[in-house]
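The values are calculated or read from the model by the stated rules, or taken from the named source; none is laboratory data. Worth saying up front: this structure is predicted, and the values here are computed from it rather than measured. Don't worry about glycine lacking a Cβ; one is built from the backbone with ideal geometry, like all the others, and counts go over all protein chains shown.
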Amino acid sequence: MTSTTTDMRTSGAGGLRSWLERYPFLPALVIVVALLALNGLFSPNSLSFRSLTGLLSTYMALIMLAIAQTYVVSAGDIDLSAGATLSLVNVAIVVLMERWGGGAGAVLLALALGVLIGLTCGLVNGLVVAALRLQAIVATFATSIFFTGLALYVMPVAGTPAPALFWRTYGGRLLGLPFVFYVLAALAVLLYLLSRTRIVTELLAVGDDQQAAYQTGLPVVAVRIRGYLLSGLFSALAAFCLTGDTASGDPLVGGKMTLYSVAAVVLGGSALAGGWTTVVGSLLGALTIGLVNSLVFFMGTPSEWQNFVQGLAILLVLMAGVLAGRRARA
C-alpha cells in the first residue's frame, strides 16, 4: 500500500513537472486568475469589459518592456536601460510628430524613426556588453544614464502633448473593437514569427551554457547583440503604447518601469541566469503587477502606504510563484 501511494505521488509530481516544462508560465497564470478574482471581490466593476480593456491599454507598455527584457535574459544578460530607451523614444516621437504637424504621415514617419532609435539603443548595448565584454548590469546601467540624458535634452520638461490623431487611435475603436486588441493581436503574430526563427533557440543556448554554445560554432557575440536589438525594438514598441495611453512625452517616465520589467520576467517563470524563459509568462507577469496595483487601490489603501503595500504584495506574489515553480520542477 505504501509503495502504491509513493508511486502515485511520484507519478503526480512527474506529471506536474512535465506540464511546467512544457508550460512554464502556469504558476503566473494561476496568480493572474487569483488576482482577477480578488479585484472582482473588492470592486465588481473591475471585471467589466471596459475595465479590463482599460487595464490592458494601461499596462501594454509594461508588457512590451517585459518581453524586451525576456529576450536579453534568455542569453543570461540583463538590460537596465530598457526604461531609458522607452523614455527616449517617447519624447522623440512626440517632438517629431508635433514639429511635423501631427498628421497621419507625420505620425507614421515618427514611429518609423522611433523604431530606429530603439534599435540603435539596443545595438549600443549589444556592442558594449557582448563585443567589449563589459558586465551587462554595469554597462546597461551606464547606458541608461546616457539615454536618459539624451531624453532630457530632447524634452527638458515633461508634458508636451502627443497629436490627438495618435492617442485617439490608440484609445479608440476599430470595427467595433478596442484598438488595443489589434495591438495585442499584432504582438501575438510578431512573437509567433520570432518563435519560428533560430534566434530564440540560439539565445537560450547561449544563456544555458555560453562556453558550450561557443564550442559548437554558435556566434555568441552576434547572438547576444541580436538579443539587445530585440530589446531595443520592443522598448520602442512599449514607448508607442505608453505615448498612446498618456498622450504626452516625459523624459523620465521609464525609470521605474525597468525594474518592473525585470520583476515581470521573474514572475512569469523565467530564470535570470538565462537558458529558461517564456514570453507568455513575462506577459502574465506584467499583468500581475498591474492587477496588484489595482487591488491595492480597490482595497482603499491610504495614498502614503500604497507604494509600501504594492512592493510587499509584489514580493509575496514573486515568492509564491518562484517557490511553486521550483517545487514542481524539483
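Numbers for the structure displayed
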| quantity | calculated |
| --- | --- |
| Test: residue in segment 152-172 that is out of contact with any Phe, Trp or Tyr (no Cβ under 6 Å at 6 or more places or on another chain), modelled with pLDDT of 95 or more and among the hydroxyl-bearing types (Ser, Thr, Tyr) | no |
| Filter result for Ser48 (at pLDDT below 80 and surrounded by fewer than 14 Cβ atoms within 10 Å (Cβ to Cβ)) | no |
| Counted residues, segment 184-195 - those being surrounded by 11 or more Cβ atoms within 10 Å (Cβ to Cβ) and closer than 22 Å to Gly227 by Cα | 8 |
| Where a residue in segment 274-302 is without any contact (Cβ under 8 Å) to a residue 12 or more places away in the chain and its partner, wherever it lies, is assigned to a helix (DSSP H, G or I), with Cβ under 7 Å and at least six apart | Thr301/Val309 |
| Subset of segment 40-74 that is touching a helix residue (DSSP H, G or I) at 6+ places or on another chain (Cβ under 6 Å) and aromatic (Phe, Trp, Tyr) - its residue that is farthest from Ala212 (Cα to Cα) | Phe42 |
| Answer residue from segment 196-221, given it is closer than 21 Å to Val115 by Cβ and in contact (Cβ under 8 Å) with a residue 12 or more places away in the chain and is surrounded by the fewest Cβ atoms within 10 Å (Cβ to Cβ) among those | Ile199 |
| Test for Ala92: is it buried (at least 23 other Cβ atoms within 10 Å of the Cβ) and either within 30 Å of Arg133 (Cβ to Cβ) or hydrophobic (A, V, I, L, M, F, W, C) (or both) | yes |
| Flag if Ala205 is part of a helix (DSSP H, G or I) and at pLDDT below 85 | no |
| Spans of helices (runs of 4 or more DSSP H) in segment 75-177 with at least 2 residues closer than 26 Å to Ala264 by Cα, aliphatic (A, V, I, L, M) and in contact with a helix residue (DSSP H, G or I) (Cβ under 9 Å, 6 or more places away or on another chain) | 82-99, 104-126, 136-154 |
| Meets criteria (polar (S, T, N, Q) and modelled with pLDDT of 80 or more) for Thr53 | yes |
| Residues that are among the charged types (D, E, K, R) and more than 23 Å from Ser144 (Cβ to Cβ), drawn from segment 208-261 | Asp208, Asp209 |
| Single residue of segment 297-330 satisfying the filter (farther than 21 Å from Leu55 by Cβ and outside any helix (DSSP H, G or I)) that is modelled with the lowest pLDDT | Ala330 |
| Looking only at segment 254-295, and only at residues there that are crowded, with 22+ Cβ neighbours inside 10 Å and assigned to a loop (DSSP other than H, G, I, E, B), the one that is modelled with the lowest pLDDT | Gly274 |
| Filtered residues of segment 210-228 (kept if part of a helix (DSSP H, G or I) and either over 23 Å from the mean Cα position of the chain (by Cα) or among the β-branched types (Val, Ile, Thr) (or both)) | Gln210, Gln211, Ala212, Ala213, Tyr214, Gln215, Val220, Val221, Val223, Ile225 |
| Segment 157-183 residues that are surrounded by fewer than 13 Cβ atoms within 10 Å (Cβ to Cβ), paired with ones that are of a type in the set (Ser, Thr, Tyr) and not in a helix (DSSP H, G or I) (beta carbon under 6 Å, 6 or more apart) | Gly159/Ser248 |
